[in-house]
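I have placed the structure first, in the form of structure tokens, so that the comments after it can refer back to it.
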Amino acid sequence: MGFEAGLQKIVEGLAKPRGEKRHGKLLERIGRLKEKSRVASQHYQVELIANESGKLVTGLTWKKVPVDGTMATHPGIYCLRSNETTWDEEKLWRTYTMLTDLESVFRSLKSELGLRPVYHSKEERADGHLFITVLPIRPCRYYERN
């Protein structure tokens, strides 16, 4: 459940007759929700609206305020290093994405065939294991003997 969905669930509880309305208990629930969603919750300002006595909560409001210097405002950059000095940025990036796609395909293939993870202590066994994983999968034809 996302942070906003958790806050909405608290608001829905305020509308129910037996829903939690005590100020202290709702602060605890919001604290647990912030703990579960640390990255997202830092970008929200949450305010409890209490009644005249200050003991019961009548409403809950929140506002999204992105914090500077976090992944939400500055997601970062890629820094690729290569010994290929003749390639331009586009070729380097295409090669990098192609390699990540290939690695993903091999990881998926190994998982589906039950060949992951590799626990071999001898190099010959690991080589054999890797050889099997790169064999192409072809449809087999079965011939009946007469």
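Values as computed for the structure displayed
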item: Only one of L7, L27, L102, L14 that is under 28 Å from the mean Cα position of the chain (by Cα), of a type outside the set (D, E, K, R), part of a helix (DSSP H, G or I) and surrounded by 14 or more Cβ atoms within 10 Å (Cβ to Cβ); result: L7
item: Every pair of residues 6+ apart whose Cβ atoms lie under 8 Å, when the first sits in the stretch 79-91 and is at pLDDT below 90 while the second is in a helix (DSSP H, G or I); result: L80/L92; L80/W93; L80/Y96; S82/L92; E84/L92; W87/T95
item: Candidates V39, V65, V46 - the one that is surrounded by fewer than 11 Cβ atoms within 10 Å (Cβ to Cβ), under 27 Å from M1 (Cβ atoms) and touching a strand residue (DSSP E or B) at 6+ places or on another chain (Cβ under 9 Å); result: V65
item: Checklist (1) under 22 Å from the mean Cα position of the chain (by Cα); (2) surrounded by fewer than 11 Cβ atoms within 10 Å (Cβ to Cβ); (3) at pLDDT below 85 applied to A72, failing item; result: (2)
item: All positions within the stretch 45-64 that are on the phi > 0 side of the Ramachandran plot and either modelled with pLDDT of 95 or more or among the β-branched types (V, I, T) (or both); result: none
item: Any chance T58 is surrounded by 10 or more Cβ atoms within 10 Å (Cβ to Cβ) and not assigned by TED's automatic domain parsing to the domain that holds G24; result: no
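The values are calculated or read from the model by the stated rules, or taken from the named source; none is laboratory data. Because the structure is predicted, anything quoted here is derived from the model rather than measured. Neighbour counts are summed over all protein chains in view; Cβ atoms, including those assigned to glycine, are modelled from backbone coordinates with ideal geometry.
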